[in-house]
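See structure below.
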Amino acid sequence: ILGFSTPPGRLSMMAFVLNAFTCALGLLYFIRRGKQCLDFTVTVHFFHLLGCWIYNSHFPSTLTWWLVHIVCTALMAAIGEYLCMRIELREIPLNSAPKSNV
């Protein structure tokens, strides 16, 4: 069903891309480490590959399936790492108590 020529194919690819964006937000809220984003992204997509293989009873062999998932893996890892690095690089407040005049 994935393909550039049909509207359902384009809609499915758009759903995969939007899923990559939402999963990148999931990396931000659950992982919170920039170094671990690529590991979790590849793990999630590997389990998706296994699930597709089991469900369809054959290994995915279409070029568009692989291209869409490679692009989505790269998007999810890059955006997730960018968001996590922004959180990691925030300034750490040194004084949380108000100053008192002595």
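The values are calculated or read from the model by the stated rules, or taken from the named source; none is laboratory data. From a predicted model like this one, the values you see are computed outputs, not experimental measurements. Don't worry about glycine lacking a Cβ; one is built from the backbone with ideal geometry, like all the others, and counts go over all protein chains shown. To get the accessible areas, we keep the full protein, side chains included, count just its heavy atoms, and leave off ligands, DNA and RNA. Shrake-Rupley method; radii C 1.70, N 1.55, O 1.52, S 1.80 Å.
Structure summary
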{"item": "Under 18 Å from the Thr64 label point (7 Å along Cα→beta-carbon), backbone N, the stretch 1-43", "result": "1-19"}
{"item": "Helical contribution to [θ] at 222 nm, DSSP H n ≥ 4, -39,500 (n - 2.57), averaged over the chain, rounded to 500", "result": "-22500 deg cm²/dmol"}
{"item": "Cα gyration tensor shape of the chain, rounded if a/c is under 1.5, else prolate or oblate by comparing a/b with b/c", "result": "prolate"}
{"item": "Length-normalised contact order for the chain - Cα pairs under 8 Å, 6+ apart - percent", "result": "38 percent"}
{"item": "Residue order for Leu28, Leu67 - accessible surface, 1.4 angstrom probe, largest first", "result": "Leu67, Leu28"}
{"item": "Spin-label zone in the stretch 65-82 - amide nitrogen under 15 Å from a point set 7 Å from the Cα of Thr43 along the C-beta vector", "result": "77"}
{"item": "Solvent exposure ordering (accessible area, 1.4 Å, most first) of Phe47, Phe40", "result": "Phe47, Phe40"}
{"item": "Estimated FRET transfer efficiency when R0 is 22 angstrom, pair Asn56-Met85 (beta carbons, to 0.05)", "result": "0.05"}
{"item": "Portion, in percent, of the accessible area of the chain that falls on carbon or sulfur, probe 1.4 Å", "result": "69 percent"}
{"item": "Heavy atoms of Phe59 accessible to a 1.4 Å probe, total area in Å² rounded to 10", "result": "90 Å²"}
{"item": "Angle between the chain longest axis and helix 7-26 axis [Cα atoms, degrees, rounded to 10]", "result": "30 degrees"}
{"item": "Check: the chain dipole with +1 on Lys, Arg Cβ and -1 on Asp, Glu Cβ, in debye", "result": "240 debye"}
{"item": "Solvent-accessible surface ranking, highest first, for Thr6, Thr41 at 1.4 angstrom", "result": "Thr6, Thr41"}
{"item": "Probe 1.4 Å, protein heavy atoms only - accessible area per residue of the chain in square angstrom", "result": "77 Å²"}
